[in-house]
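Notes to accompany the following structure.
The values are calculated or read from the model by the stated rules, or taken from the named source; none is laboratory data. The structure displayed is predicted, hence computed values, not measured ones. No Cβ is skipped: glycine too gets one built from the backbone with ideal geometry, and neighbour counts run over all protein chains shown. With ligands, DNA and RNA removed, areas are computed over all heavy atoms of the protein, side chains included. Shrake-Rupley method; radii C 1.70, N 1.55, O 1.52, S 1.80 Å.
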Amino acid sequence: MRSTIKLRDLHESAHNPQTLAPQLEWLREARGRGLLSRLPEELVTAVVTVGQTTRYLRAGDVTGVFAPRQPHLARGVQALESCEMLFIDAARVKELSMTKPLFAWEMIEELTTVLNSTHKAMYVRAYGSLRQRVVTAILDRAEALGGVTAGQSVPGTQHELANAVGSVREVVANVLQALKREGLVDIRRGGLVILEPDRLIDEATAGLGLAT
């Protein structure tokens, strides 16, 4: 499973809250009941525009927080294709962790991996250039598809990519054109193709002190 937000650029929509809900089918459905159904349009806009992609999930990946600790963390998952998710009750996780050392250790390993991935995403977002954020998003999507290799197709519109990096489509389009001119990627309808994976990896971490 891959996780991202498949919608039009919310930063543009935030300037006109009345146009937000009609553009986003998933948001219209979510507003049918629960918290979002009770909020005015402008407040819904304020809530959803802060969402950004931090990582992509593949088959077998774990997401969620199992311990009742403060503060509570907001998190969400949206699938781009049909998938199944296994829900593991927090009480069951605690029971197995207390009685099965191997399970407890593997949970530590898994959550450490998630934490490292999240820290890297936040570091790139805070200190990386927009170009680095775009390149990182491309690499993350490629990794979710099975690996970063030459010739790897990476699906996704420029709107989706812009939302993932917290920018707007026009700015991201300029970055993609620059990457194309330099021979790093080839832009296709509905996505792109990686041409120089090693150079992209170097771009993503240059000057940030991150391990490749």
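Residue-by-condition table, conditions (1) small (Gly, Ala, Ser); (2) over 16 Å from Leu139 (Cβ atoms); (3) out of contact with any His (no Cβ under 8 Å at 6 or more places or on another chain):
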site	(1), (2), (3)
Ala173	yes, yes, yes
Leu176	no, no, yes
Leu179	no, no, yes
Gly183	yes, yes, yes
Arg188	no, yes, yes
Gly191	yes, no, yes
Glu196	no, no, yes
Ile201	no, no, yes
Gly207	yes, yes, yes
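Take the range 130-158 and flag every residue that is outside any helix (DSSP H, G or I) and more than 19 Å from Pro197 (Cα to Cα).
Within the range 130-158, Thr157 is the sole residue that qualifies.
Select from the range 111-131 the residues that are open to solvent by less than 50 Å² (accessible area, probe 1.4 Å) and either more than 15 Å from the chain's Cα centre (by Cα) or at positive phi (or both) and write down the one among them that is modelled with the highest pLDDT.
Here is the first cut: in the range 111-131, the residues open to solvent by less than 50 Å² (accessible area, probe 1.4 Å) are 114, 117-118, 121, 124, 128, 130.
Then keep just the ones that are either more than 15 Å from the chain's Cα centre (by Cα) or at positive phi (or both); that gives 128, 130.
On the way: Gly128: 85, Leu130: 91.
Selected residue: Leu130.
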Practice prompt. Could you grab the pairs with beta carbons closer than 9 Å, sequence gap of 6+ or different chains, first residue in the range 91-106 and at pLDDT 85 or above, second one open to solvent by 100 Å² or more (accessible area, probe 1.4 Å) and among the hydrophobic types (A, V, I, L, M, F, W, C)?
Written response: Ala104/Met98
Discussion item. Being at pLDDT 90 or above, assigned to a helix (DSSP H, G or I) and open to solvent by less than 40 Å² (accessible area, probe 1.4 Å) narrows it down to one residue among Leu161, Leu179; which is it?
Written reply: Leu179
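Quick check on this structure: which one of Glu12, Glu84 is of a type outside the set (Ser, Thr, Tyr), open to solvent by 40 Å² or more (accessible area, probe 1.4 Å), at pLDDT below 80 and over 22 Å from Leu145 (Cβ atoms)?
On the way: Glu84 fails: over 22 Å from Leu145 (Cβ atoms).
Being of a type outside the set (Ser, Thr, Tyr), open to solvent by 40 Å² or more (accessible area, probe 1.4 Å), at pLDDT below 80 and over 22 Å from Leu145 (Cβ atoms) holds for just one of Glu12, Glu84, which is Glu12.
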Worksheet, complete the sentence: Reported set for the range 121-162 where residues are without any contact (Cβ under 8 Å) to a residue 40 or more places away in the chain and over 22 Å from Arg188 (Cβ atoms) is Ala126, Ser129
Worksheet item: For the range 190-212, how many residues are at pLDDT 90 or above and farther than 25 Å from Ser117 by Cβ?
Response: 1
Item to complete: Might you check whether a residue that is small (Gly, Ala, Ser) and either surrounded by 15 or more Cβ atoms within 10 Å (Cβ to Cβ) or modelled with pLDDT of 75 or more (or both) occurs anywhere in the range 36-43?
Response: yes
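For the structure I just gave you, tell me whether Ser97 is out of contact with any Lys or Arg (no Cβ under 9 Å at 6 or more places or on another chain), part of a helix (DSSP H, G or I) and open to solvent by less than 50 Å² (accessible area, probe 1.4 Å).
Values: out of contact with any Lys or Arg (no Cβ under 9 Å at 6 or more places or on another chain): yes; part of a helix (DSSP H, G or I): yes; open to solvent by less than 50 Å² (accessible area, probe 1.4 Å): yes.
Yes.
Before we move on, is Glu106 outside any loop (DSSP other than H, G, I, E, B) and open to solvent by 80 Å² or more (accessible area, probe 1.4 Å)?
On the way: outside any loop (DSSP other than H, G, I, E, B): yes; open to solvent by 80 Å² or more (accessible area, probe 1.4 Å): yes.
Spelling it out, Glu106 is indeed outside any loop (DSSP other than H, G, I, E, B) and open to solvent by 80 Å² or more (accessible area, probe 1.4 Å).
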